[in-house]
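Everything on this sheet refers to the single structure shown next.
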Amino acid sequence: MKSAVETLNPTRVRLTVEVPFEELKASLDAAYKKINQQVTVKGFRQGKIPARVIDQRFGRGAVLEEAVNDALPKFYTEAVNEADLNPLGQPEVDITELKDGELLAFTAEVDIRPALEIPDYSGIEVTVDAVEVSDEDVEKSVEQLRERFATTSPVERAAAEGDTVTVDLEAKVDGEVLEDGVASDVDYTIGSGQLLDGIDDAVTGLEAGGTVTFTSQLKGGSAEGKDAEIKVDVKAVKARELPELDDDFAQMASEFDTLEELKADSRKRLERMKKFDQATQAQEKVLEELLQLVEVPMPEKLLEDEVNTRKHNLENHQLAQIGMTLDKYLEMQGKSAEEFDAELKEQAEKGIKTQFVLDEIVNKEKVSVGQEELTEHLMRRAQSSGMSPDKFAEAIVEQGQVPMLVGEVARGKALATVVETAVVKDSNGEVVDLEDEDEAAEAAETAAETVEAAETAETAEAAEEKNEA
């Protein structure tokens, strides 16, 4: 076999391959054997039909077609390896010459991973939010805990904001009660804004036994988006009572003996959360700066496929799960189809660029991934996908997606390496040491999350559907 490579642009090449006919012998033998098992000829046992009879009865062309289809992947792979290429996606193959007994020639155009020059990234500087926990933050956190321990008790008075009312609901459109427009014994907290527009004003001032009718646009169901006449029967009014903020509350709601100890723990917890957010912010900003340093040619076919995959996942997985169409989603977002497509393309370009650049750093820094790191990442991905770890791992292995997970972890570690060399300051001008306390242990995994967010990696479900297609 002879092969040559022509560079069409920085991300696409054309392979020209010539194969002497004798190198097709194994594929020709396999073709005759396959056809032998599929056809019957009177006077011959199945599987024992001579080659000359198959040529006479079914044509030599059918045999050559079967043999070439069998041989092409093998010779294409050999040509790719010989040229030391890193192809992306499937090639576009064109058979240019097929002379029986003499020669097979074909071309294969394919996108390739571009060669990148990674500059010195140690000079990257970014600014992140300072870790500041105010007394107001602590009070808000304790108040949220207090809300969780609130109790309700029936009252014989008109309903007011903050009260919980038990109601029966009935929705009519054009005078007809909707099949899915009736609900009984619904508990609703006035002022929460979690049910229907206008219900707060409608029920405020009503006592148990009161009835009111108002008009509201339905947010879901069979008549979503339509104006409906809503009838509300108030069955009970209950006042919410919050526990006193004292040592007894601290002992009831936590492991602490005093309210001051509870507040001190809340402050520490908020500081840890803000430090985690600060580390994530640093990773995102360092990644942005890193991408600005590297010129990355964009493979057009790969970009097109990535845009289509993202759109498919959004439309057929994320939106389908909540029963929403893409048009409705765009309407809620206030975006036109053109704006959405442009935004999707920009995100896809960033995802591809992120992968290319960090993969180059993985190779440059010789980053490796341990079994424990891979397992932790798999557990987190399983949790975010809503699958059990066992089911997620099984799907990943069956679909051959383990290298995908390894790549995510490796790129996360590569980003963490870049962050370590960067100068990170907070909004007060102080240098941030991201290696304080537990940050070192979590840096690679949080960086993997940052990378995953930029790339929008496929879920196991989406990957399985793509593989089936």
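The values are calculated or read from the model by the stated rules, or taken from the named source; none is laboratory data. Since the structure is predicted, the reported quantities are computational estimates derived from the model, not experimental observations. Here the Cβ is made from the backbone with ideal geometry for all residues, glycine too, and neighbour counts use every protein chain on show.
Could you check GLN292 against (1) on the phi < 0 side of the Ramachandran plot; (2) in a loop (DSSP other than H, G, I, E, B) and say which number it fails?
(2)
Criterion first (surrounded by 12 or more Cβ atoms within 10 Å (Cβ to Cβ), at negative phi, in contact (Cβ under 8 Å) with a residue 24 or more places away in the chain and assigned to a strand (DSSP E or B)) does LEU28 satisfy it?
Against the criterion (surrounded by 12 or more Cβ atoms within 10 Å (Cβ to Cβ), at negative phi, in contact (Cβ under 8 Å) with a residue 24 or more places away in the chain and assigned to a strand (DSSP E or B)), LEU28 does not qualify.
Search segment 256-283 for residues being surrounded by 16 or more Cβ atoms within 10 Å (Cβ to Cβ), touching a Ser or Thr at 6+ places or on another chain (Cβ under 8 Å) and in contact (Cβ under 8 Å) with a residue 40 or more places away in the chain, and hand back the single one that is nearest to ALA348 (Cα to Cα).
GLN283
Consider GLU207 carefully, then state whether it is outside any helix (DSSP H, G or I) and out of contact with any Ser or Thr (no Cβ under 9 Å at 6 or more places or on another chain). Lay out the reasoning, then the answer.
Working: outside any helix (DSSP H, G or I): yes; out of contact with any Ser or Thr (no Cβ under 9 Å at 6 or more places or on another chain): yes.
The answer is yes for GLU207.
Here are some conditions: (1) over 44 Å from the mean Cα position of the chain (by Cα); (2) β-branched (Val, Ile, Thr); (3) over 20 Å from LEU104 (Cα atoms); (4) crowded, with 16+ Cβ neighbours inside 10 Å. THR11 meets all but one. Which one does it not meet?
Among (1) over 44 Å from the mean Cα position of the chain (by Cα); (2) β-branched (Val, Ile, Thr); (3) over 20 Å from LEU104 (Cα atoms); (4) crowded, with 16+ Cβ neighbours inside 10 Å, the lone unmet condition for THR11 is (1).
When you scan segment 83-100, do you find a residue that is more than 41 Å from the chain's Cα centre (by Cα), under 30 Å from LEU28 (Cα atoms) and small (Gly, Ala, Ser), even just one?
Within segment 83-100, none of the residues are more than 41 Å from the chain's Cα centre (by Cα), under 30 Å from LEU28 (Cα atoms) and small (Gly, Ala, Ser).
Scan segment 102-138 residue by residue and report those that are surrounded by 11 or more Cβ atoms within 10 Å (Cβ to Cβ), charged (D, E, K, R) and under 30 Å from VAL424 (Cβ atoms).
Across segment 102-138, the qualifying residues are GLU125, ASP129, GLU132, ASP137.
From SER216, SER222, grab the single residue that is in contact with a strand residue (DSSP E or B) (Cβ under 8 Å, 6 or more places away or on another chain), part of a loop (DSSP other than H, G, I, E, B) and either closer than 30 Å to LYS285 by Cα or not hydrophobic (A, V, I, L, M, F, W, C) (or both).
Among SER216, SER222, only SER222 is in contact with a strand residue (DSSP E or B) (Cβ under 8 Å, 6 or more places away or on another chain), part of a loop (DSSP other than H, G, I, E, B) and either closer than 30 Å to LYS285 by Cα or not hydrophobic (A, V, I, L, M, F, W, C) (or both).
Specify the residue that is surrounded by the most Cβ atoms within 10 Å (Cβ to Cβ); the eligible residues are those in segment 47-101 that are small (Gly, Ala, Ser), touching a helix residue (DSSP H, G or I) at 6+ places or on another chain (Cβ under 6 Å) and free of Cβ contacts under 8 Å to residues at least 40 places away in the same chain.
If we take residues in segment 47-101 being small (Gly, Ala, Ser), touching a helix residue (DSSP H, G or I) at 6+ places or on another chain (Cβ under 6 Å) and free of Cβ contacts under 8 Å to residues at least 40 places away in the same chain, then ALA51 is surrounded by the most Cβ atoms within 10 Å (Cβ to Cβ).
For segment 17-36, how many residues meet the condition of being farther than 18 Å from LYS2 by Cβ and among the hydroxyl-bearing types (Ser, Thr, Tyr)?
1
What pairs come up if the first residue lies in segment 339-361 and is within 13 Å of LEU302 (Cα to Cα) and small (Gly, Ala, Ser), the second is at pLDDT below 95 and not in a helix (DSSP H, G or I), and their beta carbons are under 8 Å apart, counting only those six or more places apart or on different chains?
GLY351/THR456
For GLY43, which of the numbered conditions (1) small (Gly, Ala, Ser); (2) touching a residue at least 24 places away in the same chain (Cβ under 8 Å); (3) surrounded by fewer than 11 Cβ atoms within 10 Å (Cβ to Cβ) fails to hold?
(2)
Out of segment 40-57, which residues are of a type in the set (A, V, I, L, M, F, W, C) and part of a loop (DSSP other than H, G, I, E, B)?
Answer for segment 40-57, where residues must be of a type in the set (A, V, I, L, M, F, W, C) and part of a loop (DSSP other than H, G, I, E, B): VAL41, PHE44, ILE49.
Can you tell me how many residues in segment 404-434 are part of a loop (DSSP other than H, G, I, E, B), under 27 Å from ASN363 (Cα atoms) and in contact (Cβ under 8 Å) with a residue 60 or more places away in the chain?
2
Which one is farthest from VAL186 (Cα to Cα) among residues in segment 227-247 that are of a type in the set (Asp, Glu) and either surrounded by 16 or more Cβ atoms within 10 Å (Cβ to Cβ) or without any contact (Cβ under 8 Å) to a residue 12 or more places away in the chain (or both)?
The qualifying residue farthest from VAL186 (Cα to Cα) is GLU244.
Can you find, within segment 154-193, the residue that is modelled with the lowest pLDDT among those that are among the small types (Gly, Ala, Ser) and under 39 Å from the mean Cα position of the chain (by Cα)?
GLY193
Residues in segment 198-213: is at least one modelled with pLDDT under 90 and not small (Gly, Ala, Ser)? Outline the logic, then answer.
So the first thing to find is which residues in segment 198-213 are modelled with pLDDT under 90, and the list is none.
No, segment 198-213 has no match at all.
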